Amino acid sequence: MNSFILIILLWSFLECAYKKIPIYEEFIKGVKEGCQYLLTLFPPLMFLTLIVSLFQSCGITTLLIDLFKELLNILHIPVDLLVMAVIRPLSGQGAMVLLKRIYECYGIDHVYSLLASIVQTGSDTTLYVVTLYFGSIKEKNYRYSLVLGFFLDFLAFSMIICFYHFGMIS
């Protein structure tokens, strides 16, 4: 892989030399444009990082677990699946850790692992998408996108419960 990157760099330098493009000046111009883009994206991403950290440290997941534990036991659904559905709109990496935990606990062929995979692929990191994409174009009117994203995340979790209990997944 490193040799492939080296070949691309050498090819770029040779092409610039052939076309008589000032490599250093173009590089500096590209860095300046990248810094401007970074200044545009940094505040929304910092805000998202803060929100995710506060959400994970405030204990709301423990509160949700305690609140829905009996209902989930009646429905025979693992608590990690609910926590994964709550964490997924906030943090893709956090949801991936929970998915790995479900795989290790039940095995990859178990129905709970299949349901967790559906949550992982059927929902999105809604807050990350809204923060990054709308922050990059400096759009302030993101209300409907946020509502639709959360609705689709809820729909993915609701759908797996319906599939599981109506026998579509066995």
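Overview of results
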| read-out | value |
| --- | --- |
| Accessible surface, the chain, averaged per residue in Å² (probe 1.4 Å) | 70 |
| Longest to shortest principal axis, alpha-carbon extents of the chain, angstrom | 72, 38, 27 |
| Residue with peak Gaussian network fluctuation, the chain [Cα springs, cutoff 10 Å], from Leu114, Leu98, Leu64 | Leu64 |
| Set of region 96-124 residues, backbone N closer than 12 Å to the point 7 Å along the Cα-Cβ line of Phe163 | 111-123 |
| Efficiency of FRET from Cβ geometry, Cys58 and Asn141, R₀ 35 Å, rounded to 0.05 | 0.75 |
| Under the span-like rule (Cα at least 20 Å along the axis, Kyte-Doolittle mean at least 0.0), DSSP H helices of the chain | 2-19, 23-57, 60-75, 92-106, 143-165 |
| Out-of-range pairs (alpha-carbon distance over 28 Å; input Lys69/Lys100; Lys20/Lys138; Lys32/Lys140) | Lys20/Lys138 |
| Candidates Pro43, Pro78, Pro22: whichever shows maximal mean-square fluctuation once the chain is modelled as a Gaussian network with Cα springs under 10 Å | Pro22 |
| Portion, in percent, of the accessible area of the chain that falls on carbon or sulfur, probe 1.4 Å | 70 |
| Fluctuation leader among Tyr142, Tyr128, Tyr24 - the chain, Gaussian network, Cα springs under 10 angstrom | Tyr24 |
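The values are calculated or read from the model by the stated rules, or taken from the named source; none is laboratory data. Please read these numbers as outputs of a predicted model, since none were measured by experiment. Note that each Cβ is placed from the backbone with ideal geometry, even for glycine, and that neighbours are counted across all protein chains shown. To get the accessible areas, we keep the full protein, side chains included, count just its heavy atoms, and leave off ligands, DNA and RNA. Shrake-Rupley method; radii C 1.70, N 1.55, O 1.52, S 1.80 Å.
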